[in-house]
1. If you plug each phi of the range 205-220 into the Karplus form 6.51 cos²θ - 1.76 cosθ + 1.60 with θ = phi - 60°, what whole-Hz ³J(HN,Hα) values come out, in order, with x for Gly and Pro?
2. May I have the convex hull volume per residue, in Å³, for the Cα set of the range 21-155?
3. Residue by residue, what Karplus-based ³J(HN,Hα) values in Hz, rounded to whole numbers, does the range 111-117 have, using 6.51, -1.76 and 1.60 with θ = phi - 60° and x for Gly and Pro?
4. Using the alpha-carbon centroid of each, what span in Å lies between the range 107-171 and the range 36-58?
5. Once phi is turned into ³J(HN,Hα) by the Karplus curve 6.51 cos²θ - 1.76 cosθ + 1.60 with θ = phi - 60°, what whole-Hz value does each residue of the range 124-134 show in order, with x for glycine and proline?
6. If amide hydrogens are placed 1.01 Å from N in the peptide plane, which non-local residues have theirs closer than 5 Å to the one on His219?
7. Got a sec? What order do Val202, Val85 fall in by accessible area at 1.4 Å, biggest, i.e. largest, first?
Amino acid sequence: MGASIAHEVNQPLAAIVTNAEACLLWLDRETPNLDEARRAVEQIIGDGNRAGEVIRSIRALSNKADSQRAPLDINDVVNEVIALVRRELLSHRVSLRTELAPVLPVVLADRVQMQQVMINLVINGIEAMEAVTDRPRELVIRSCQDEADQVSIAVKDSGVGIAAENADRLFGAFVTTKSNGMGMGLSICRSIIQAHGGCIWVEPNLTEGAAFHFTLPLHQMDAS
């Protein structure tokens, strides 16, 4: 659990440092930009609260406690995550394209845990394109209702792809293809999705890169 928390809290902590540095820059100007500094502080507070929520959700998952599930539109989660990773996209020169279904049925899910899954998949996609220099770096996030009446999400990158021998074991704990990776992100994603009654898998794209998919069952409303 300690490794899981360390892995998942790293992203909001990095965002806190980035926003704190930005705040100092705004304040150090000859004429301080108080509006931007205030906005940076508000983002620091938000990231701090998110780190606390991540710890709460990981503890609930590891203890098999009830998560805070509620009817949820996954498109809302996608848009929240895009706002959270915007700096990562810019700093890695990655363009983002969304293909979200105009209307999706709701799922019964823990919002913070769904954010964790999406952030992990998006950051993995961004990092998979670091070595790409001969073509555009593009990340695609797609949502739809599939033939099995589930909500389906895909995160596709145009990176170097995944070796066939690694595809089946990527979701194992402490398995990583990164030199500085902990091998916890995809394992956590699988645990969260399976706990919500869904499935998660990866497959190669027809051209470059890979696509991570997950599905979630629809929320069955109580007739009463």
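The values are calculated or read from the model by the stated rules, or taken from the named source; none is laboratory data. Predicted model only: the values in this text are computed from it and were never measured. Ligands, DNA and RNA are excluded from the accessible area calculation, which covers all protein heavy atoms including side chains. Shrake-Rupley method; radii C 1.70, N 1.55, O 1.52, S 1.80 Å.
1. Couplings: 6, 5, 10, 9, x, 9, 10, 9, 10, 9, 10, 9, x, 5, 6, 8 Hz.
2. Expressed per residue, the convex hull around the Cα atoms of the range 21-155 is 158 Å³.
3. Karplus-based 3J(HN,Hα) across the range 111-117 equals 4, 5, 5, 5, 4, 4, 4 Hz.
4. Value for the Cα centre distance between the two parts: 24 Å.
5. With the stated coefficients, the range 124-134 comes to 4, x, 4, 5, 5, 9, 4, 7, 7, 10, 9 Hz.
6. Result for His219 returns Val106, Val107, Leu108.
7. Values: Val202 25, Val85 0 Å².
The residues order as Val202, Val85, largest area first.
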